[in-house]
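**Student:** Following this message is one structure expressed as structure tokens.
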Amino acid sequence: MAYIANFTTDTAKAILNEVIKTVNQPDNSKRLSEAKASAGKEMILMMQHVFPLVMAIQMDVIKLFGFPGNREGLIQFSLLVREMEREDAEILRLRNQIRAIYLPPINVNSTNDVLI
């Protein structure tokens, strides 16, 4: 777990920016667009089709920064980033930008309907 000792906010930002850059590469962008089209606005389908693609891209990127390129490495990275985003608005912004890829916009009904 040596990658944790050297993990800084600058490293977190570099990794998050690299994830965004990698997601936007033509091949990845095309695959994500196709997955989003097949999912529509259905959250379950987004989680089945789009989420795994984004996670695979993240695992490929974090591996370049010394994290294990597997689920465990992704969990470790995510936990570290969550801690840092509380103190760093840029990390929060980047993480939200990545989350927006696989989380469809949520329509909130602003009426005051109450279910009884």
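**Student:** State all residues of the range 58-80 that are not hydrophobic (A, V, I, L, M, F, W, C) and not in a helix (DSSP H, G or I); if no residue qualifies, say none.
**Tutor:** Once the filter is applied, which keeps residues that are not hydrophobic (A, V, I, L, M, F, W, C) and not in a helix (DSSP H, G or I), the range 58-80 yields 66, 68, 69, 70.
So that you can scan it fast, the table gives a plain yes or no per residue for (1) at pLDDT 95 or above; (2) farther than 18 Å from residue 102 by Cβ; (3) open to solvent by 40 Å² or more (accessible area, probe 1.4 Å); (4) not small (Gly, Ala, Ser):
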{"position": "5", "(1), (2), (3), (4)": "no, yes, yes, no"}
{"position": "14", "(1), (2), (3), (4)": "yes, yes, yes, no"}
{"position": "41", "(1), (2), (3), (4)": "no, no, yes, yes"}
{"position": "81", "(1), (2), (3), (4)": "yes, no, no, yes"}
{"position": "84", "(1), (2), (3), (4)": "yes, yes, no, yes"}
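**Student:** Only residues that are surrounded by 14 or more Cβ atoms within 10 Å (Cβ to Cβ) and part of a loop (DSSP other than H, G, I, E, B): list them for the range 86-102, please.
**Tutor:** 88
The values are calculated or read from the model by the stated rules, or taken from the named source; none is laboratory data. Only a predicted model underlies this, so the values are computations on that prediction, with no experimental measurement involved. Ideal geometry is used to build each Cβ from the backbone, glycine not excepted, and the neighbour counts take in all protein chains shown. These area figures cover heavy atoms from the full protein model, side chains too; ligands, DNA and RNA do not enter into them. Shrake-Rupley method; radii C 1.70, N 1.55, O 1.52, S 1.80 Å.
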